[in-house]
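All remarks here apply to the structure that follows.
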Amino acid sequence: MNAWNDRLVFDLTSIVNKNQLHTLGISDNYLYILLGFISILICFWLIRPLVRFLVLLNWEDLLTYLIGGILLFSSLLLIVHPDRDGGIGQGSQLSYLVLGFVLFGGCLCTLKVIKTMAENMKKNM
């Protein structure tokens, strides 16, 4: 793993005394598996009510945008990652890709609001 990935994982697991876990026979790999399991469990509990709310509102466009954006962004992180030097390289290109995602989301939201307002005006007339 490169330097910034190791630093991030180290910061997350620094609250656990690894020596005590090693005496129990729990290696670092099992600790990282447990950390990944707990992280996705917390995300699942936090995101599930939001998804249910969006489904009740019939906002399929937003759900599609969010899921597609997450999948595309995670796959791009595997391909394009920042330089270790902090220099201008693929890391700055990643910021422009994220800006493109945000702009598309803003356009999608604006169009959805305009469409909803137009439908409400037609119902009132």
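The values are calculated or read from the model by the stated rules, or taken from the named source; none is laboratory data. Just so you know, these numbers come straight off a predicted model, no measurement behind them. As a convention, Cβ positions derive from the backbone with ideal geometry for all residues, glycine included, and neighbour counts pool all protein chains shown.
Kindly check whether there is at least one residue in the range 116-124 that is at pLDDT below 80 and not acidic (Asp, Glu).
No, because not a single residue in the range 116-124 is at pLDDT below 80 and not acidic (Asp, Glu).
Among (1) at pLDDT 75 or above; (2) surrounded by 13 or more Cβ atoms within 10 Å (Cβ to Cβ), where does Ile70 come up short?
Among (1) at pLDDT 75 or above; (2) surrounded by 13 or more Cβ atoms within 10 Å (Cβ to Cβ), Ile70 violates only (2).
Return the pair list, or none, for Cβ contacts closer than 6 Å from residues in the range 65-92 that are closer than 29 Å to Leu108 by Cα to residues that are of a type in the set (D, E, K, R) and at pLDDT below 80, at least 6 apart or on different chains.
Listed pairs, sorted by first residue: Gly91/Asp83.
Is there any pair linking a residue in the range 101-125 that is of a type in the set (A, V, I, L, M, F, W, C) to one that is surrounded by 10 or more Cβ atoms within 10 Å (Cβ to Cβ) and at pLDDT below 90, with Cβ under 7 Å and at least six apart or on different chains, and which?
Taking only residues 6 or more apart or on different chains, the pairs are Phe101/Gly69; Phe101/Phe73; Leu108/Asp61; Leu108/Tyr65.
Going by what's in this entry, would Asp83 be described as of a type in the set (D, E, K, R), at pLDDT below 85, surrounded by 10 or more Cβ atoms within 10 Å (Cβ to Cβ) and within 20 Å of Lys112 (Cα to Cα)?
no
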